[in-house]
1. Over the chain, with a Gaussian network built from C-alpha contacts below 10 Å, which listed residue (TYR203, TYR56, TYR99) shows the highest mean-square fluctuation?
2. With a 1.4 Å probe and all protein chains kept in place, how do GLU211, GLU158 rank by accessible area, largest first?
3. Rounded, prolate or oblate: pick one for region 156-234, where a ≥ b ≥ c are the square roots of the eigenvalues of its C-alpha gyration tensor, a/c under 1.5 means rounded, and failing that, prolate if a/b is larger than b/c, else oblate.
4. Per the Kirkwood formula on distinct C-alpha pairs, the Rh of the chain is how many angstrom?
5. Of SER84, SER185, SER246, which is the most mobile in a GNM of the chain whose springs link Cα atoms less than 10 angstrom apart?
6. Any idea how far the Cα center of region 1-20 sits from the one of region 146-182, in Å?
7. With a 1.4 Å probe and all protein chains left in place, how much of the accessible area of the chain comes from carbon and sulfur atoms, in whole percent?
8. What number comes out for accessible area per residue over region 1-49 if the probe is 1.4 Å? Units Å², please.
Amino acid sequence: MQVCHTIREIGEFVQNARAVEKTIGLVPTMGYFHAGHLSLMREAKKMCDVVVVSLYVNPLQFGPKEDLGEYPRDFERDCAMARSVGVGAIFAPGNAEMYPAGYNSFVEVAGITDKLCGLSRPGHFRGVTTVVAKLFNIVRPDQAFFGQKDAQQAIIIEKMVRDLNMGPEIVTLPIMREADGLAMSSRNVYLTEDQRRAAPVLYRSLCAFREAVAGGERDVAKLRRDIKEMILSAPGVQIDYVEILSVPGLEPPDTLTGKCIAALAVRFGKTRLIDNMVVEV
Ligand code: PAF
């Protein structure tokens with residue numbers, strides 16, 4: 001596995017792969033890998049000849065009071081994990097490589113970015129779409145792989161690719177969960193033991209939502225209230241949002257029809273976790 005820190009190095013790697021007609025899959029990440037990241041890499045390996053994983057904690061998508069400084073990092077462990085699933089190259093640039101002095105270009109998708117996480121994290125998605133657009137230009141992948149846990153992010157990236165006629169096909173893969181249902185996330189390491197014990201309430205509330213819908217419930221306000229009530233029964237939680245929206249438009253439906261997502265963000269102390277469940281009516 002090749003480790004590239006510069007755009008030139010990864011450019012050469014990609015060019016060599018293309019010269020022998022290999023297809024390229026890109027898995028954009030911020031590192032600190034867990035089974036969710038590995039499932040993206042494995043799927044990329046199945047679908048593409050060569051897999052490039054970008055590993056970059058993108059400062060542009062963190063707010064001034066967010067966890068950029070504390071974001072967990074373990075480069076050696078990440079490299080070993082990526083190597084174990086047959087990744088061809090890691091692209092791990094520094095900030096000066098991605099945003100050199102005088103950098104002043106940004107990519108912004110309007111509308112669907114100013115709800116859910118966009119409301120509580122202003123500027124977050126502008127940072128995501130800017131770095132992902134740069135990664136697409138640098139690697140020029142045939143396919144790019146994202147996790148359904150960041151459902152809004154995946155919808156926004158698909159929209160950016162469509163709107164701006166970008167190359168890669170976007171592949172979104174299911175949420176990977178711990179045995180007790182907690183969605184895997186690099187941020188789970190922030191949880192105290194008590195918070196970790198309480199956190200599976202998020203998945204339980206989403207399963208109850210899915211069961212209620214399967215049982216015929218269509219009242220969005222009631223479904224939303226029930227999710228909130230179940231979450232608030234756990235100790236020390238603070239709800240950032242619980243929303244039920246249409247997919248992919250992310251509009252609030254009066255009554256549940258078509259494809260909808262129940263999406264939530266909840267704080268356990270200082271740790272903000274997100275999760276979601278898609279239902280089709
Ligand atoms: O989902 C993430 O880890 C990040 O938002 C991404 C897509 C790698 C962009 O920095």
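1. TYR99
2. GLU211, GLU158
3. Because a/c hits 1.5 or more and a/b fails to exceed b/c, region 156-234 counts as oblate.
4. About 19.7 Å for the chain.
5. In this elastic network of the chain, the residue with the biggest mean-square fluctuation among SER84, SER185, SER246 is SER84.
6. 25 Å
7. 50 percent
8. 52 Å²
The values are calculated or read from the model by the stated rules, or taken from the named source; none is laboratory data. Only a predicted model underlies this, so the values are computations on that prediction, with no experimental measurement involved. Positions of Cβ are backbone-derived with ideal geometry, glycine not excepted, and every protein chain shown enters the neighbour counts. For accessibility, only protein heavy atoms count, side chains too; no ligands or nucleic acids. Shrake-Rupley method; radii C 1.70, N 1.55, O 1.52, S 1.80 Å.
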